[in-house]
Amino acid sequence: MNMSRRKMRETIFRLLFPIEFNTREELKEQTEYFFSKNDEIASKDRRYIEDKLDAILDRQTEIDEKISSICEGWRIERIGKAELSIMRLAVYEILEDADIPVKVAINEAVELSKIYCDAEAPRFVNGVLAKLA
């Protein structure tokens, strides 16, 4: 089954989120487990998801520095874990993924924050990403 870009983005977020609580090796194991339980995902979609997840993790330090520089007065540790994972994905897309328009990356991040975060998160995520863009 082929996934929509939105569904792939949500899957990347859900796989990226546990990095706050696990090592990268443990995250890799969790990702393998996820795909073993969701074997209907097309191999090209799986490859896209895994490649993007690895790329975000490879650049996590610089992405976090970018987020920190925008969130003046907020240490990265104080940002909600779901919001942080959503912004990591969006910052990566804005800075590194030429296939995704900036407005789409921001809008998709806001939509994810509406689903996975509290009521204040969409404005916060939008504000941070708009400053970056």
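Okay, here's what the table says:
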item: Exposure proxy ranking, count of Cβ atoms within 10 Å, fewest first, for Lys52, Lys114; result: Lys114, Lys52
item: Net charge of Cβ neighbours under 15 Å - reference Lys44; Lys, Arg +1; Asp, Glu -1; result: -1
item: Choice from Tyr92, Tyr48, Tyr33 showing the highest fluctuation, given a GNM over the chain with Cα pairs closer than 10 Å; result: Tyr33
item: Placed amide H near Ile41: partners under 5 Å, 5+ positions off or other chain; result: none
item: Residue of Ala119, Ala109, Ala90 that the Gaussian network model of the chain assigns the largest fluctuation, springs spanning Cα pairs under 10 Å; result: Ala119
item: Table column - 3J(HN,Hα) (Hz), the range 21-28, Karplus curve with 6.51, -1.76, 1.60, x for Gly and Pro; result: 10, 9, 6, 5, 5, 5, 4, 4
item: Positive dipole terminus of the chain, leading residue within Ile79, Val128, Leu95 (C-beta point charges); result: Val128
item: Rounded to whole Hz, the Karplus (6.51, -1.76, 1.60) HN-Hα couplings of the range 95-101, x for glycine and proline; result: 8, 10, 10, 5, 6, 10, x
item: Cα-based convex hull volume of the chain per residue, rounded to whole Å³; result: 103
item: Estimated 222 nm signal from helices in the chain, with DSSP H stretches of n ≥ 4 weighted -39500 (n - 2.57), rounded to 500; result: -23000 deg cm²/dmol
item: Which of Asp97, Asp58 has the fewest Cβ neighbours within 10 Å, and the rest in rising order; result: Asp58, Asp97
item: Cβ-placed point charges (K, R +1; D, E -1), dipole of the range 1-92 about Cα centre in debye, nearest 20; result: 400
item: Rounded to whole Hz, the Karplus (6.51, -1.76, 1.60) HN-Hα couplings of the range 69-83, x for glycine and proline; result: 5, 7, 8, 4, x, 10, 6, 4, 5, 7, 6, x, 4, 5, 4
item: Order of Val102, Val110 under a 10 Å beta carbon neighbour criterion, fewest first; result: Val102, Val110
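Since every read-out is calculated from the coordinates, none of them should be taken as a lab result. Only a predicted model underlies this, so the values are computations on that prediction, with no experimental measurement involved. Please note: Cβ atoms are built from the backbone with ideal geometry, for glycine as well, and neighbour counts cover all protein chains shown.
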